[in-house]
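The values are calculated or read from the model by the stated rules, or taken from the named source; none is laboratory data. All figures in this text were calculated on a predicted structure; none of them were measured in a lab. Here the Cβ positions follow ideal geometry from the backbone for every residue, glycine too, while neighbour counts run over all protein chains shown. Areas reflect the complete protein model, heavy atoms only, side chains present, ligands, DNA and RNA absent. Shrake-Rupley method; radii C 1.70, N 1.55, O 1.52, S 1.80 Å.
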Amino acid sequence: MREYDGAAPWCLRPEECCGLSALLAAEGHADRYTILEEIGRGGMSDVYAAWDKRLRRRVALKVCRSPVEGEARHCLHHSEDSVLGAFAGEMHILAQLHHSSIIPLYDFGLDAGNRLFFSMPLLDGTTYLDVIEDVHSGRGGWSLVLALGPLMRICDGIRYAHAKGIVHADLKPSNIAVGSMGETYVLDWGLAQVMEPSEKRGGKSAPSSICLALYRARHEDDSSSCIAGTPAYMPREYAATGLVTRHFDIYSFGAILYHLLAGRPPFAEEGSNLAVFSALLEREPQPLADIAERPDPDLIEIIDRCMARSPEDRYASMQAVRGDLNTYLEKRIGSGRPRAKENGTLAGARHWLRNALALGVGSGD
């Protein structure tokens, strides 16, 4: 994994980029969508529900806050704006990924304010964070076993991305969408990194500038909006050196499982993001056997291996994680038909789990 050096591997060649803004304007992208309402706000962009007048459908628009100006109007390769570069990188990465568990990119363009945007499906559902809350509150009909259904799909999506040489690098419950009809998508690829071909198997990264001292200097106000990643779900090697390999996502996936079983993220007792970051460098999170309301030794074993301090001690691949989760579910899954009162999400999760286990899906190395 290489450190960003000002080049834009996601960009078209300069001779292909020239006239980008003119091309977009000629195709009328700015007039194609009608904004309905704001539905989300991130560190570098805003997300809106919108109406696609050309195809007559509701979509989600993700809009970069930084306008395309100067040389970037003709070639994004020339942009020195890190926010714009990261946003365009996310757009390009999504365009390369075609998987049922990864949110698809529909279209892109420039709005009337010269802000880059892309469109994607507008989901009717919730995030996995809400699913975890429902598991622990007893609302919504979610159980621990059913809640593993969406995560099995996430395993598939991340495994696919890794095969393409892409590390998400920001997996967390709020970046997983669970639709009302059982759809599950990995969202927000804004921090994703592309591995060099030689790194797809093992992975390697030049150290980045992320360390505790710099983190403290850059985030004195502890504003989560300016943190590159979420400390509770990032592995120690990234916090210490900026190392990003596929083991980053494996750790983050284990941290999501930790949150599911414990009802709170790793290091939640620390409070602030800065305190979590510091604790991450110094120690392991509290043992699940001590804090989970219903500790499950078999699931804890999987979580501990995902979140091993050393990347070499973690699972070798998402396929291997999925294989052990599949074995766990084979022991735990109940029989019987989905209950009539279950909504589409719950019925879909139960149906998918039963079919996946019957077909032996997910046995891994």
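When each of the peptides 231-238, 95-102 is scored by the mean number of other C-beta atoms lying within 10 Å of its residues, the order from highest to lowest reads 231-238, 95-102. Note on Met120: accessible area is roughly 30 Å² with a 1.4 Å probe, heavy atoms of protein only. Residue-wise HN-Hα couplings along segment 235-240, as the Karplus relation 6.51 cos²θ - 1.76 cosθ + 1.60 with θ = phi - 60° gives them from phi, are x, 4, 4, 6, 4, 8 Hz; Gly and Pro carry x.
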